[in-house]
Amino acid sequence: MTDSNSKDLEHVEALRQAYAAMKQEMKKVIVGQDKVVDELFMALFCRGHCLLIGVPGLAKTLMISTLARVLSLSFNRIQFTPDLMPADITGTEVIQEDRTTGKRDFKFLAGPIFANVILADEINRTPPKTQAALLEAMQEYQVTVGGRRHELKKPFFVLATQNPIEQEGTYPLPEAQLDRFMFMVKVDYPTTDEEREILRRTTEDKSQEIKAVLSEQQIFELQAIVRRVPISDSVLDYALRLTRSTRITTPDAPQWMKDWLQWGAGPRASQNLVLGAKAHALLQGRFYVSADDIRAVAKPVLRHRIITSFSAEAEGVTTDTVIDRLLAEVQPNESQALADGKLPKVVKQ
């Protein structure tokens with residue numbers, strides 16, 4: 001085994017050990033929701049942000065705060081309300097007087113966004129002007145106040161929640177902001193056994209101590225490992241074909257897609273498909289990406305980046321329905337993967 005192969009295996013093992021340790025700590029507080037937790041971890045390793053969709057009472061807030069404790073990161077919760085202003089998130093400048101000299105100067109007071117993990121609770125309850133205050137932070141890792149740029153400390157994650165059943169007094173997120181979220185994660189009801197365990201835990205006078213598993217430096221190292229995972233040209237093309245098939249203004253889209261969608265996914269979807277697939281491959285113990293990894297992250301990556309048409313909504317067609325059919329009809333070119341000689345080379349590493 002070459003030194004390169006040995007290091008790759010060490011990288012896979014390091015990430016899997018960190019993943020197992022984090023999940024074990026999460027289970028002390030969170031019952032079930034394994035798929036949701038996995039998607040949160042994948043976004044974390046890919047330096048991505050997440051939007052969690054679920055009805056009240058499904059422990060979305062608890063899940064995010066517990067994740068911050070497991071990672072020994074600073075955590076701030078911002079409760080989004082209709083009267084929240086951009087300065088309430090980013091911070092503001094105030095005039096401060098030097099008592100010795102009497103000189104007055106502006107001083108920046110940092111807002112709650114200056115933390116490693118930000119919980120944007122019920123993000124759709126605040127107007128677009130305030131929602132937009134997050135855009136620069138999510139994309140550029142900085143905020144601009146009074147013409148001055150203030151860098152945010154990395155790692156930086158925005159984990160937002162949204163209630164799908166209450167629409168009164170809410171403001172739909174602009175598509176540009178939705179596109180900044182790597183994953184849209186659906187949080188569903190627990191099973192009967194899981195809910196029974198929730199009842200036991202929450203009605204007893206017991207508390208669980210959460211231990212920090214990863215330091216900031218270790219998080220940076222694991223994020224770098226994800227980006228080094230190799231991917232063959234054929235699998236890369238598969239991710240590209242999935243995304244381009246949703247673009248109804250191009251010849252790549254089939255007729256049924258043009259009937260069901262108003263708009264398709266942009267290039268950021270392709271990027272996140274590949275990054276998410278790399279993280280998924282590592283969590284499965286592999287240092288290469290397969291088409292199955294692309295399929296595994298297709299729904300959380302695409303569901304908020306495609307817009308269904310009026311006729312599709314009338315037929316009860318959801319974005320998940322569109323993605324299911326897309327995955328069924330667009331298949332990876334496995335023969336090309338073997339013919340070009342790259343996939344076997346990756347698999348043997």
Hey, K258 hits all of (1) assigned to a loop (DSSP other than H, G, I, E, B); (2) assigned by TED's automatic domain parsing to the domain that holds E315; (3) of a type outside the set (A, V, I, L, M); (4) without any contact (Cβ under 8 Å) to a residue 12 or more places away in the chain but one; which does it fall short on? (1)
Among the helices (runs of 4 or more DSSP H) confined wholly to segment 143-237, which include 2 or more residues that are modelled with pLDDT of 85 or more and either in contact with an Asp or Glu (Cβ under 9 Å, 6 or more places away or on another chain) or of a type in the set (D, E) (or both)? 192-202
Hits in segment 135-150 (condition: of a type outside the set (G, A, S) and touching a Ser or Thr at 6+ places or on another chain (Cβ under 9 Å)): E136, V143, T144, V145, H150
Which count do you get for residues in segment 188-212 that are in contact with a Leu (Cβ under 9 Å, 6 or more places away or on another chain) and within 18 Å of D34 (Cα to Cα)? 3
Residue ID - farthest from L52 (Cα to Cα), chosen from residues in segment 85-113 that are surrounded by 10 or more Cβ atoms within 10 Å (Cβ to Cβ) and out of contact with any strand residue (DSSP E or B) (no Cβ under 7 Å at 6 or more places or on another chain): A87
Tabulated pairs, segment 10-21, first over 13 Å from V229 (Cβ atoms) and in the same structural domain as K278 (by TED's automatic domain parsing), second part of a helix (DSSP H, G or I) and hydrophobic (A, V, I, L, M, F, W, C), C-beta under 6 angstrom, 6+ apart or interchain: none
Selection count, segment 63-109, where residues are more than 30 Å from V213 (Cα to Cα) and either of a type in the set (G, A, S) or touching a Leu at 6+ places or on another chain (Cβ under 8 Å) (or both): 6
Based on what the data block shows, is A137 at pLDDT 85 or above and assigned to a helix (DSSP H, G or I)? yes
State which residue is farthest from A20 (Cα to Cα) when the search covers only segment 57-71 and only residues that are at pLDDT 80 or above and surrounded by fewer than 20 Cβ atoms within 10 Å (Cβ to Cβ). T61
Out of V301, V317, V330, V322, sole residue that is β-branched (V, I, T) and under 16 Å from I53 (Cα atoms): V301
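The values are calculated or read from the model by the stated rules, or taken from the named source; none is laboratory data. Please read all numbers here as calculations on a predicted model, not as lab measurements. Note that each Cβ is placed from the backbone with ideal geometry, even for glycine, and that neighbours are counted across all protein chains shown.
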